[in-house]
């Protein structure tokens, strides 16, 4: 029996003991009553199914003490912090966040010196407990760093540390569903103590004073998050040297670096050493080919997992077949009113990090082996082996009870089978077609609004920088460096065009596959299709946004305008064109009258040549 399976069974038993049945507590709850709070005297010798994390590493008087509890089950419990031997609770929280893992966080803003105890449970049914010693404010525990290493390895990756990593990522990006959060890089997220449980965990002031500045692109983002977490907790971390692949072959990896053997000598300052390693070594070493290595390959940083609630968790990486990468941050369970959701964050070339929802418009999937291995993947476990670090092979992962999740199941039934499996995982019950369609329209609306930000960033750059942005040749328009990568939008626009097709095709899909939806008995699927088409027309007409035109005035467009302009959007990715052209304004229209610049005839001629890629919704093969 695997560790995760043992944890699940024990957590289920504890859940019955704690709540007397199925959990009903909402995500946020009122402060616990005395009856709800765990009894510190009932601490078990070892928690089962629940992992506790206290931060900072060496708690100090007067500095915030944060405690996180993570479980793979929705326990009805309270996380409490109390003075050891003195009775009473100094901080507690019964607010449960997320899903698989479920997360609780409690904070003591300015603890006094002395012994504390953390307990998680309800009344005498305590699931997990841990002692915490808060030292004098002048105390500072530094950890020894081996010569040449970026940070020491003090812990190992196992089921518990993976659960903590998932919980930490979930907490980091925990935002209300009705918001569209975005950040310039991830430094702002890491520098927020209310999000980052590991804020100043090393007591070096590492996250204070604006030092923690990390601006990853999409390939860097999962590696920066993993490296930061590993640095704070003393876990091993590494990354591979990979090719980008060619028109006929996927990326391959050979060389490998770790925190114990960085490419460049680390600074004597711990924080500076980490930042240099992340920005230079990892940032320069990781690219669009790193995550989409062949699914069965061994010398890789990531490996594919199955499609299930336990395997697709916060921190899981999604690699699309063309090099874009996302990181899962939350799963929201299906309700009678709404289908289940999976949320992820990605980084764009202009350094914007934003949250996305899973659907075909954001998560492209292909099984063509020439493109490599797309899909959901976990970081390959790194273990100590005779004084050095090594990555576990696929077979070692399969046989290791701490992990046991390597599988090629995602690729068994092609692209349609992949999306069908995801639909079944997120929404096990048949969906009401109208509600499902509204969620899909919401996702398209979000994607369009994200493009507003991307195009505006390009306009801001052009306003500050004279001259023409060089346009790469051929397939390189999708993968390059410099201002074109940062402000042109060919990849994003191709995904948007695919998303438009998916939305337009949904009513016909419901008619063709009625058993997948909750259609009332006797109702004609063809009539449902017409109802959905009318719903799209209504919703698209009432959803609107504005963009700043070349003269500074605002232009209002509706989602219906975007749908109608899909053909024009096949030629709207060049930042050398005016913003009106980039939003598909028709020549001679009042909207286009304010246009003040355009791409050169030579660039426009090449865009016409490349237009077939966008019209046919396909990425060209690499050269």
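Can residue 143 be described as surrounded by fewer than 19 Cβ atoms within 10 Å (Cβ to Cβ) and not assigned by TED's automatic domain parsing to the domain that holds residue 85?
Yes, satisfied.
Let me spell it out: the conditions are (1) outside any loop (DSSP other than H, G, I, E, B); (2) in contact with a helix residue (DSSP H, G or I) (Cβ under 8 Å, 6 or more places away or on another chain); (3) farther than 20 Å from residue 37 by Cα, and residue 119 meets all of them except one. Which number is the exception?
Residue 119 satisfies all of (1) outside any loop (DSSP other than H, G, I, E, B); (2) in contact with a helix residue (DSSP H, G or I) (Cβ under 8 Å, 6 or more places away or on another chain); (3) farther than 20 Å from residue 37 by Cα except (3).
Can you list residue pairs whose Cβ atoms sit under 8 Å apart, with the first residue in the stretch 285-314 being outside the structural domain of residue 327 (by TED's automatic domain parsing) and the second being surrounded by fewer than 22 Cβ atoms within 10 Å (Cβ to Cβ) and part of a loop (DSSP other than H, G, I, E, B)? Count only pairs 6 or more apart in sequence or on different chains.
none
Output the number of the condition that residue 429 fails; it satisfies all remaining conditions of (1) surrounded by fewer than 20 Cβ atoms within 10 Å (Cβ to Cβ); (2) closer than 22 Å to residue 538 by Cα.
(2)
Check off (1) over 30 Å from residue 156 (Cα atoms); (2) part of a loop (DSSP other than H, G, I, E, B) for residue 407 and give me the number that stays unchecked.
(1)
Which numbered condition in (1) touching a strand residue (DSSP E or B) at 6+ places or on another chain (Cβ under 6 Å); (2) more than 30 Å from residue 446 (Cα to Cα); (3) not in a loop (DSSP other than H, G, I, E, B) is the only one that residue 137 fails?
(3)
Does the stretch 75-100 hold any residues that are within 34 Å of the chain's Cα centre (by Cα), without any contact (Cβ under 8 Å) to a residue 60 or more places away in the chain and either over 12 Å from residue 118 (Cβ atoms) or outside the structural domain of residue 40 (by TED's automatic domain parsing) (or both), and which are they?
Within the stretch 75-100, 77 is the sole residue that qualifies.
Taking the conditions exactly as written (under 22 Å from residue 146 (Cβ atoms) and touching a residue at least 40 places away in the same chain (Cβ under 8 Å)), does residue 267 satisfy them or not?
no
So, in the stretch 410-430, how many residues would count as being in a helix (DSSP H, G or I), on the phi < 0 side of the Ramachandran plot and out of contact with any strand residue (DSSP E or B) (no Cβ under 9 Å at 6 or more places or on another chain)?
Going through the stretch 410-430 one residue at a time, the tally reaches 7.
For the stretch 217-257, which residues satisfy the criterion of being part of a loop (DSSP other than H, G, I, E, B) and buried (at least 20 other Cβ atoms within 10 Å of the Cβ)?
Within the stretch 217-257, 217, 218, 219, 235, 236, 237, 245, 250, 251 qualify.
Quick one: is residue 552 without any contact (Cβ under 8 Å) to a residue 60 or more places away in the chain and farther than 30 Å from residue 429 by Cα?
yes
Checking residue 129 against (1) outside any loop (DSSP other than H, G, I, E, B); (2) within 16 Å of the chain's Cα centre (by Cα), which single condition isn't satisfied?
Failed condition: (2).
Scan the stretch 65-87 residue by residue and report those that are in contact with a strand residue (DSSP E or B) (Cβ under 6 Å, 6 or more places away or on another chain) and not in a strand (DSSP E or B).
Scanning the stretch 65-87 gives 74, 77, 84.
Please name all residue pairs, on different chains or six or more residues apart, with Cβ atoms under 8 Å, provided the first residue is in the stretch 447-472 and is not assigned by TED's automatic domain parsing to the domain that holds residue 579 and the second residue is in a helix (DSSP H, G or I) and surrounded by fewer than 17 Cβ atoms within 10 Å (Cβ to Cβ).
Listed by first residue and then by second, the contacts come to nothing, as the list is empty.
Can you tell me which residue in the stretch 474-509 is farthest from residue 538 (Cα to Cα), limited to those that are touching a helix residue (DSSP H, G or I) at 6+ places or on another chain (Cβ under 9 Å) and not in a helix (DSSP H, G or I)?
Restricting to residues being touching a helix residue (DSSP H, G or I) at 6+ places or on another chain (Cβ under 9 Å) and not in a helix (DSSP H, G or I), the top hit is 479.
Determine whether residue 605 is in a helix (DSSP H, G or I) and modelled with pLDDT of 95 or more.
yes
Need the failing condition index for residue 401 against (1) crowded, with 19+ Cβ neighbours inside 10 Å; (2) in a loop (DSSP other than H, G, I, E, B); (3) assigned by TED's automatic domain parsing to the domain that holds residue 356, just the number.
Every condition holds for residue 401 apart from (1).
Keeping to the stretch 152-210, report how many residues are assigned to a helix (DSSP H, G or I) and either at pLDDT 95 or above or not assigned by TED's automatic domain parsing to the domain that holds residue 228 (or both).
Residues in the stretch 152-210 being assigned to a helix (DSSP H, G or I) and either at pLDDT 95 or above or not assigned by TED's automatic domain parsing to the domain that holds residue 228 (or both): 16 in total.
Among the numbered criteria (1) modelled with pLDDT of 95 or more; (2) within 16 Å of residue 185 (Cβ to Cβ); (3) under 19 Å from the mean Cα position of the chain (by Cα); (4) surrounded by fewer than 20 Cβ atoms within 10 Å (Cβ to Cβ), which single criterion is violated by residue 306?
(2)
The values are calculated or read from the model by the stated rules, or taken from the named source; none is laboratory data. All values derive from a computational prediction rather than experimental measurement. Please note: Cβ atoms are built from the backbone with ideal geometry, for glycine as well, and neighbour counts cover all protein chains shown.
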